[in-house]
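**Q** Can you keep this structure in mind? I'll have questions shortly.
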Amino acid sequence: MTARTRVGVLGAGQLALMLADAGERLGVDVICAGQPGDCAERVALVVPVDLGDATMVAAFAERADVVTIESENIDAAVLRGLKLFPNAKAVGIAQDRLVEKTFFESCEIAVAPFAAVNRVEDLPAAMAKTGLPAILKTRRMGYDGKGQARIYREEDAAAAWEAVGEVPSILEGMVDFDVEVSLLAARDGAGKIVFWPLIENRHRDGILRRSDAPYVNERLQTLAENYLRKIMEELEYVGVLAVEFFVQGERLIANEMAPRVHNSGHWTIEGSETSQFENHLRAIAGVELGPTTSRPMVMLNCIGWMPEESETAKFAGLYRHDYGKAARPGRKVGHLTFAATETAAIAEWEKRLLERG
């Protein structure tokens, strides 16, 4: 009997939880590096590990055949030397917004105008380059709208610098866009790539609230696939990659990439023949990638509040995913997925979730 592949996940949050769920179906063992009480503990072994400690991370990696991440906010230096998918180079690019934007440009992918800001005195020249309004973002860390400040007038600059903590940052010109979309792809070690359909995303307060798949535009689907193929081949990437874009007419302007499974792809669990979580494990474990044939779906994030199971059970077309996390304002604690035809249920739950969170 062939031994089961063991995948080590650096992190034990909701993405690790869903990877472990997919591993059970696929016959892959998933163990997670985290802390007691992390939500992945419900379905997987969680090993206490300080993800900032290279020695502890290396010791954890010895317990697995391959290692992956659920967050790009792990110091790339800690990741070097591991049998890691995606590789440390890809993670390092994604965790620094300035490096990321420069990389997109090297791949001939359109981005918003940007400039490095290392001190408050850099802001006048940066604003001249990007124009106003613009967004000042920390180069590292920051997610769901954190570590960002908008600059509408030159007089806002000093306050924005203080708001981001006076740390190395990037100023990005604000894009006048039609809609925000994302594309997910999985690439295996032999270079085969599969794509899911484009996804339309809606945010509030910098947090993803709703994803609709597919976003139907054949030209933009092809363009986005070409962009992701270029990125993945350049990085010798293995695993799932997500890239967020602004749609501006017939153009795609890259916003950021995530070298991991992604919130906007959670609908693939029920909506695709092979979910993003399963194909990520397939890619890194050396198993043939599964088909990504999909049906129209809508995903709603539960922010700061998770409805009771008794409430959601009344809706036959609703799929409930509770991450088991303590509720607090602005925190993703679960998501709900619907077939896109369930329009009345979607409208009702979108209203409920926005009112509560």
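The values are calculated or read from the model by the stated rules, or taken from the named source; none is laboratory data. Note that the structure is a prediction, hence the values are computed from the model and not measured. Here the Cβ is made from the backbone with ideal geometry for all residues, glycine too, and neighbour counts use every protein chain on show. With ligands, DNA and RNA removed, areas are computed over all heavy atoms of the protein, side chains included. Shrake-Rupley method; radii C 1.70, N 1.55, O 1.52, S 1.80 Å.
**Q** Applying the selection to segment 190-249, what residues are under 16 Å from the mean Cα position of the chain (by Cα), of a type in the set (Val, Ile, Thr) and more than 17 Å from PHE104 (Cβ to Cβ)?
**A** ILE199, ILE207, VAL238, VAL240
**Q** So THR341 clears everything in (1) in contact with a strand residue (DSSP E or B) (Cβ under 6 Å, 6 or more places away or on another chain); (2) at pLDDT 95 or above except one condition, right? Which one?
**A** All conditions are met except number (1).
**Q** Can ARG260 be described as farther than 30 Å from GLY357 by Cβ and either open to solvent by 10 Å² or more (accessible area, probe 1.4 Å) or of a type in the set (Gly, Ala, Ser) (or both)? It would help to see each step written out before you state the result.
**A** Numbers: farther than 30 Å from GLY357 by Cβ: no; either open to solvent by 10 Å² or more (accessible area, probe 1.4 Å) or of a type in the set (Gly, Ala, Ser) (or both): yes.
Answer is no for this residue.
**Q** So, THR292, is that one among the hydroxyl-bearing types (Ser, Thr, Tyr) and closer than 17 Å to ARG356 by Cβ or not?
**A** no
**Q** Can you pull out the residues in segment 70-102 that are under 13 Å from GLY52 (Cα atoms), of a type in the set (A, V, I, L, M) and within 18 Å of the chain's Cα centre (by Cα)? Don't jump to the end; show me each part of the working.
**A** Just the residues of segment 70-102 that are under 13 Å from GLY52 (Cα atoms), to begin with: 71-80.
Filter again for of a type in the set (A, V, I, L, M), leaving 74, 76-79.
The answer is ILE74, ALA76.
**Q** Could you check segment 261-276 and list, in sequence order, the residues that are in a helix (DSSP H, G or I) and either of a type outside the set (Gly, Ala, Ser) or touching a helix residue (DSSP H, G or I) at 6+ places or on another chain (Cβ under 7 Å) (or both)?
**A** Once the filter is applied, which keeps residues that are in a helix (DSSP H, G or I) and either of a type outside the set (Gly, Ala, Ser) or touching a helix residue (DSSP H, G or I) at 6+ places or on another chain (Cβ under 7 Å) (or both), segment 261-276 yields ASN263, GLY265, THR268, ILE269, GLU270, GLN276.
**Q** Quick check: anything in segment 13-26 of a type outside the set (Ser, Thr, Tyr), farther than 28 Å from GLU100 by Cα and in contact with a Gly (Cβ under 6 Å, 6 or more places away or on another chain)?
**A** no
**Q** Can you pull out every residue in segment 328-341 that is open to solvent by less than 70 Å² (accessible area, probe 1.4 Å) and either charged (D, E, K, R) or within 21 Å of the chain's Cα centre (by Cα) (or both)?
**A** Selection gives GLY330, ARG331, LYS332, VAL333, GLY334, HIS335, LEU336, THR337, PHE338.
**Q** Here are the criteria: (1) part of a helix (DSSP H, G or I); (2) acidic (Asp, Glu); (3) surrounded by fewer than 20 Cβ atoms within 10 Å (Cβ to Cβ). Tell me which single one GLU100 does not satisfy.
**A** (3)
**Q** How many residues does segment 281-293 contain that are surrounded by 22 or more Cβ atoms within 10 Å (Cβ to Cβ) and within 16 Å of PRO197 (Cα to Cα)?
**A** Adding up the residues that qualify gives 0.
**Q** Given the conditions (1) without any contact (Cβ under 8 Å) to a residue 24 or more places away in the chain; (2) over 21 Å from the mean Cα position of the chain (by Cα), report the number of the one that ARG320 does not fulfil.
**A** Answer for ARG320: the failing condition is (2).
**Q** Restricting attention to segment 294-326, report how many residues are within 20 Å of ASP38 (Cβ to Cβ) and either buried (at least 18 other Cβ atoms within 10 Å of the Cβ) or in contact with a Gly (Cβ under 6 Å, 6 or more places away or on another chain) (or both).
**A** 9
**Q** Right, next: Pick out, from segment 277-357, the strands (runs of 3 or more DSSP E) lying fully within it that include 1 or more residues that are touching a Ser or Thr at 6+ places or on another chain (Cβ under 6 Å).
**A** So the answer is 297-303, 318-322.
Condition check ((1) surrounded by fewer than 19 Cβ atoms within 10 Å (Cβ to Cβ); (2) in contact (Cβ under 8 Å) with a residue 40 or more places away in the chain; (3) of a type in the set (D, E, K, R)) across all residues:
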{"position": "LEU26", "(1), (2), (3)": "no, yes, no"}
{"position": "GLY34", "(1), (2), (3)": "no, no, no"}
{"position": "ALA40", "(1), (2), (3)": "no, no, no"}
{"position": "ALA44", "(1), (2), (3)": "no, no, no"}
{"position": "GLY52", "(1), (2), (3)": "yes, no, no"}
{"position": "THR68", "(1), (2), (3)": "no, yes, no"}
{"position": "ASN73", "(1), (2), (3)": "yes, yes, no"}
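**Q** For a quick check of your reading: which strands (runs of 3 or more DSSP E) sit entirely within segment 109-172 and have at least 2 residues that are open to solvent by 30 Å² or more (accessible area, probe 1.4 Å) and farther than 27 Å from GLU234 by Cβ?
**A** 148-151
**Q** Could you tell me whether GLU105 is under 19 Å from ALA254 (Cβ atoms) and either in a strand (DSSP E or B) or open to solvent by less than 20 Å² (accessible area, probe 1.4 Å) (or both)?
**A** No, not satisfied.
**Q** Would you check if there is a residue in segment 58-65 being outside any helix (DSSP H, G or I) and touching a residue at least 60 places away in the same chain (Cβ under 8 Å)?
**A** Checked against the condition, which is being outside any helix (DSSP H, G or I) and touching a residue at least 60 places away in the same chain (Cβ under 8 Å), segment 58-65 yields at least one hit.
**Q** Can you confirm whether ALA54 is more than 19 Å from the chain's Cα centre (by Cα) and of a type in the set (Gly, Ala, Ser)?
**A** For ALA54, the condition - more than 19 Å from the chain's Cα centre (by Cα) and of a type in the set (Gly, Ala, Ser) - is met.
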